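So the structure is just underneath, and the comments pick up after that.
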Amino acid sequence: MAITTLNNASISVGGTDLSDHCVKIDIDDGVTEKDGVVFQDTAEHVQGGLEAWTISVTLRQDFGAGKTHETLRAVINTNVALIIRVDGTAIRSGTNPEWAATGFFGRYKPLGDGAVGEIPLVEAVFKNAGSGLTCLTTAS
């Protein structure tokens, strides 16, 4: 089994490629957990509910045209298309999956790590906007 080194991932937010500013991607895919206990049970059990995914992206801040600030500021309080691929330069496949979704972007902190002499980082969190997170593994 090959271990993946994440060094060429791609992230597109609303059609804008922010891969050259991205330093971290976190995809949390799953469902809400619901209590399934009934009177006859002798132990608790959990069952799955609705899909509940979150995608968190850490980006280097850039106030230039078409870069981090302009892209994220424009999508606050909206549902936005997201596309993430393990290797952005290779075709999608079983070994290079692509995740596609529409996520709600509700909060933007333009200077989250604004320490002296540091490159400011921005964390963008996208949450399920009523549609599933699709993992595509066949060539487009």
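If the requirement is being more than 14 Å from Asn77 (Cβ to Cβ), modelled with pLDDT of 95 or more and either surrounded by fewer than 18 Cβ atoms within 10 Å (Cβ to Cβ) or touching a Phe, Trp or Tyr at 6+ places or on another chain (Cβ under 9 Å) (or both), which of these qualifies: Ala100, Ala115, Ala139, Ala124? Steps first, answer last, please.
Numbers: Ala115 fails: modelled with pLDDT of 95 or more; Ala139 fails: modelled with pLDDT of 95 or more; Ala124 fails: more than 14 Å from Asn77 (Cβ to Cβ).
It is Ala100.
Please specify each residue of segment 55-69 satisfying the condition of being surrounded by fewer than 16 Cβ atoms within 10 Å (Cβ to Cβ) and not in a loop (DSSP other than H, G, I, E, B).
Passing the criteria: only Ser56.
If Ser93 satisfies every condition in (1) surrounded by fewer than 16 Cβ atoms within 10 Å (Cβ to Cβ); (2) touching a Cys at 6+ places or on another chain (Cβ under 6 Å) but one, which is the exception?
(2)
For segment 102-140, what are the residues that are under 13 Å from Thr54 (Cα atoms), among the charged types (D, E, K, R) and not in a strand (DSSP E or B)?
None; the set is empty.
For every residue, the table says whether it meets (1) under 13 Å from Leu18 (Cα atoms); (2) outside any strand (DSSP E or B).
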position	(1), (2)
Lys34	no, no
Thr42	no, yes
Gln47	no, no
Thr71	yes, yes
Asn79	no, no
Thr89	no, yes
Ala100	no, no
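Being at pLDDT 95 or above and surrounded by fewer than 12 Cβ atoms within 10 Å (Cβ to Cβ) narrows it down to one of Asp35, Asp26, Asp41, so name that one. Write out each step before concluding.
Details: Asp35 fails: at pLDDT 95 or above; Asp41 fails: at pLDDT 95 or above.
Just one listed residue meets the conditions, Asp26.
Please enumerate the residues belonging to segment 97-118 that are under 16 Å from the mean Cα position of the chain (by Cα) and not aliphatic (A, V, I, L, M).
Going through segment 97-118, the residues under 16 Å from the mean Cα position of the chain (by Cα) turn out to be 97-108.
Result: Pro97, Glu98, Trp99, Thr102, Gly103, Phe104, Phe105, Gly106, Arg107, Tyr108.
Among all residue pairs at least 6 apart or on different chains, which show Cβ distances below 6 Å where the first residue, located in segment 63-78, is free of Cβ contacts under 8 Å to residues at least 12 places away in the same chain and the second is in a helix (DSSP H, G or I)?
Filtered contacts from segment 63-78: Phe63/His69.
Kindly check whether there is at least one residue in segment 72-79 that is of a type outside the set (Ser, Thr, Tyr) and at pLDDT below 95.
Within segment 72-79, the subset of a type outside the set (Ser, Thr, Tyr) is 72-77, 79.
From what is left, the residues that are at pLDDT below 95 are none.
Taking every residue of segment 72-79 in turn, none turns out to be of a type outside the set (Ser, Thr, Tyr) and at pLDDT below 95.
The values are calculated or read from the model by the stated rules, or taken from the named source; none is laboratory data. Just so it is clear, the model here is predicted, and its values are computed rather than measured. Methodologically, a virtual Cβ is constructed for each residue, glycine included, from the backbone with ideal geometry; neighbour enumeration extends over all protein chains shown.
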